[in-house]
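The structure under discussion appears below in the form of structure tokens.
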Amino acid sequence: MALSYKKDLDKYKDLDEDEILSKLSAEELKQLETALEEMDPENALLPAGLRQKDHTAKKATGPFDRERLLKYLEKEAMEYKDREDVVPFTGERKGKAFVPKQTPIEAQQVEVTTLDPELEEALSSATDTELCDLAAILGVHNLATSSQTYDGTGATEGYNNVIKGEKMNPVFDEPPNPTNVEETLQRIKNNDSSLTEVNLNNIKNIPIPTLKDFAKAMEKNTHLKKFSLAATRSNDPVAVRQQLGTTIEMEIAKMLEENNSIVKFGYRFTQQGPRSRAAAAITKNNDLVRRKRVEGDL
């Protein structure tokens, strides 16, 4: 369904939306705004700065002259006298100025270590490989520079402890949902016996009136068992209308007690009485399913 929807949108790529909107009259723009409100009542598809309606299209309450207003404000500002200070500032400073203490910096004394002439001669004539081996034995890693360490290990082989990174496997995006929304809605309305499961997950372009039509069509459908509606535009105004109340919840609990096939019911009761009766009914139905399975195994 999503692929066919994209193909239908290709013919609208070359249209100029600004030109079309400029040709509409005020009444037609009002009708377009009303239609958009029905499709998106919460303005979830609009940027945050454009969700507020324009309330400036109204008649002026009186004559307005900008130049005259500016001259009046400038005149009032020049005639208004500043309030005189009760205690004028004389520039006198009181108290002592804060002077931070300067702590003397002690120079670090570096101890000069002298080696035996034989050791100095051996170190000066040692190769990079021998210096690396000596640093490894003594555990002094800063005895040789990085270039000496690299030369000592051999430039052709490189470091032996370097781990070679593996090539990452590409992760492809999930394919779009191929469900045909209009065809599925019509099959639900016709109570198609072969349609027992509907998956509308991740279809973002389903209009809100269509979602309401799905809910209304399932009232008379007797064959549909599973209806998935995740990651769509089914927000709170569409999915939840209001609390059902004690009377309706008691009716739901009574219907669950009379039904022996429902093993799972995804509604959270707000009252304790209907909640307990519904839980007992669901437990009884699951127990019946377990008994049938045990008897079938015997």
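The numbers here are math on the coordinates, done by the rules we state, and not lab data. These figures come from a predicted structure and were not determined experimentally.
Over all distinct Cα pairs, what is the inverse of the mean 1/r for the stretch 175-241, reported as the Kirkwood hydrodynamic radius in Å?
About 12.2 Å for the stretch 175-241.
Below 8 Å, C-alpha to C-alpha, sequence gap of six or more: please give me the relative contact order for the stretch 242-298 in percent.
38
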